[in-house]
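Undergrad: The structure follows.
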Amino acid sequence: MIKFQNVSKIYNLGEQEVLALNDVSFEIEAGKVTVILGPSGSGKSTTLNLLGGMDRASRGIVEINDTNLTELSDHQLSEYRRKVVGFVFQFYNLIPNLTALENIGIAANLTKNDANSGKYLEAVDLTSRKNNFPSQLSGGEMQRVAIARALAKKPKLLLCDEPTGALDSQTGRKIIQLLKDASNQKTSVVLVTHNAAIAQIADRVVHLHDGKIAKIVDNAAPMDPRKVAW
Ligand SMILES: Nc1ncnc2c1ncn2[C@@H]1O[C@H](COP(=O)(O)OP(=O)(O)OP(=O)(O)O)[C@@H](O)[C@H]1O
């Protein structure tokens, strides 16, 4: 269970204070897909950064499986990022001079869980491209490698920031399906988007507006990713 409890985040820009999140509370159940939806500047990336331990809340509690991230030392927070969290970004963030297979291995080595990189590449249907460098792959293929890399860490929490933003609709649906599959393996998936159509596949949708919760909607019957009208 992941809890965001009365969380505020203030950024200091010189003299000016930016209230990026203002008393935000929501919960995420293990093994579910949660979409964070909202317009530009509403606080989506800030929320993801706090969940991923990349930044600290100014007020409130961010709790992941009974660990309060706000109480962790920098070293503990770094361990948390390495061991508990997988990240998928809009522009893939692959290492350009490593092959698809090597990009996955690097994440697996980080957590020393002896993952078999090839197995994860197979899961995203890219075995035939294992020796290709990122520059030799399409956007959708790079994103599949990025997902395989994140999953190789066996993360409890998979955080995705606009993972389909750079992809066409057909490829985007495949990527969403992979994320959904990950949630079926007990990984909690949190997906940030401004695309309301994608929100239909979520178990829970947290709507943000101006750093506040606008509403939280639970989908009793989340939509099959293949049916999303992009
Ligand atoms: N490091 C920072 N320093 C100062 N202000 C920041 C910082 N990061 C975000 N902000 C501000 O906090 C607010 C929320 O930003 P955030 O990036 O979380 O929004 P977002 O919903 O992810 O937007 P987008 O969809 O455009 O990525 C914005 O006003 C933004 O300018």
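Undergrad: For the range 32-61, list residues with backbone N below 13 Å from a point placed 7 Å from the Cα of VAL217 toward its Cβ?
TA: Flagged as within label range: 35-38.
Undergrad: Regarding the range 56-171, what's the average projected area of the Cα-atom convex hull, expressed in nm²?
TA: Values: hull surface 33.2 nm².
Spelled out: convex hull of the Cα atoms, projected over all directions, averaged, 8.3 nm².
Undergrad: Would you please put 38-46, 9-17 in order of how densely packed they are, using the mean number of other Cβ atoms within 10 angstrom per residue and starting with the highest? Intermediate results must be reported in sequence, preceding the final value.
TA: Details: 38-46: 17.9, 9-17: 10.3.
Ranking the peptides 38-46, 9-17 by packing returns 38-46, 9-17.
Undergrad: Beyond 17 Å, what share of the Cα-Cα pairs of the range 138-186 remains, rounded to the nearest whole percent? Mind dumping the intermediate values first?
TA: Numbers: 313 of 1176 pairs.
Here the long-distance tail beyond 17 Å is 27 percent of all Cα pairs in the range 138-186.
Undergrad: Could you run the Karplus curve 6.51 cos²θ - 1.76 cosθ + 1.60 with θ = phi - 60° over the range 186-193 and give me ³J(HN,Hα) per residue in whole Hz, x for Gly and Pro?
TA: Working through the residues one at a time gives 6, 8, 7, 10, 10, 10, 8, 7 Hz.
Undergrad: May I pose another question? If we restrict to alpha carbons, what Rg and Dmax does the range 119-230 come to, in Å?
TA: Answer for the range 119-230, Rg first and Dmax second: 14.6, 46 Å.
Undergrad: Which entries of LYS153/LYS180; LYS32/LYS154; LYS156/LYS227; LYS119/LYS174; LYS83/LYS156; LYS32/LYS119 show an alpha-carbon separation above 20 angstrom in the structure shown?
TA: Details: LYS153/LYS180 17 Å; LYS32/LYS154 15 Å; LYS156/LYS227 27 Å; LYS119/LYS174 18 Å; LYS83/LYS156 9 Å; LYS32/LYS119 23 Å.
Beyond 20 Å between Cα atoms: LYS156/LYS227; LYS32/LYS119.
Undergrad: Per q in 0.32 Å⁻¹, report the Debye log10 I(q)/I(0) for the range 1-43, using one uniform scatterer on each alpha carbon and no solvent.
TA: -1.12
Undergrad: Could you give each residue of the range 93-108 its phi-based ³J(HN,Hα) in whole Hz, using Karplus coefficients 6.51, -1.76, 1.60 with θ = phi - 60°, and x for Gly or Pro?
TA: Once θ is set to phi - 60°, the couplings for the range 93-108 become 6, 7, 7, x, 9, 10, 6, 3, 5, 5, 4, 6, x, 4, 6, 4 Hz.
Undergrad: For the Cα atoms of the chain, what angle does the longest principal axis make with the long axis of helix 169-184, in degrees from 0 to 90, nearest 10?
TA: Roughly 80 degrees, rounded to the nearest 10.
Undergrad: For the chain, build the convex hull from the C-alpha positions and give me its volume per residue in Å³.
TA: Values: hull volume 29.1 nm³, N = 230.
Measuring per residue, one finds 127 Å³ for the Cα hull of the chain.
Undergrad: List the residues whose amide H sits under 5 Å from the amide H of HIS209, counting only those 5 or more places along or on another chain, with H placed 1.01 Å from N in the peptide plane.
TA: Under 5 Å from the amide H of HIS209: ALA214.
Undergrad: Using Cα pairs under 8 angstrom and six or more residues apart, how large is the relative contact order of the range 41-101, in percent?
TA: Details: 24 pairs, mean separation 14.6, N = 61.
The normalised contact order for the range 41-101 reaches 24 percent.
Undergrad: Right, here's the next one. Quote the relative contact order of the chain in percent (integer), defining contacts as alpha-carbon pairs under 8 Å separated by 6+ residues. Before the final figure, lay out the partial values.
TA: Working: 481 pairs, mean separation 63.6, N = 230.
Relative contact order for the chain comes out at 28 percent.
Undergrad: Still on this structure: Considering the Cα positions of the range 1-109, please state its Rg to one decimal place and its Dmax as a whole number of Å.
TA: Gyration radius and largest Cα-Cα distance of the range 1-109: 15.6, 47 Å.
Undergrad: Where both residues lie in the chain, what percent of DSSP beta bridges are antiparallel, nearest 5?
TA: Working: 22 of 40 bridges.
Of the beta bridges lying entirely in the chain, close to 55 percent run antiparallel.
Undergrad: Working from Cα positions, state the angle (0 to 90°, nearest 10) between the long axis of helix 139-152 and the longest principal axis of the chain.
TA: The angle comes out at about 80 degrees.
Rule-based calculations on the coordinates, nothing more; no lab input. If you're wondering where the values come from, they're calculated on a predicted model, not measured in any experiment. Don't worry about glycine lacking a Cβ; one is built from the backbone with ideal geometry, like all the others, and counts go over all protein chains shown.
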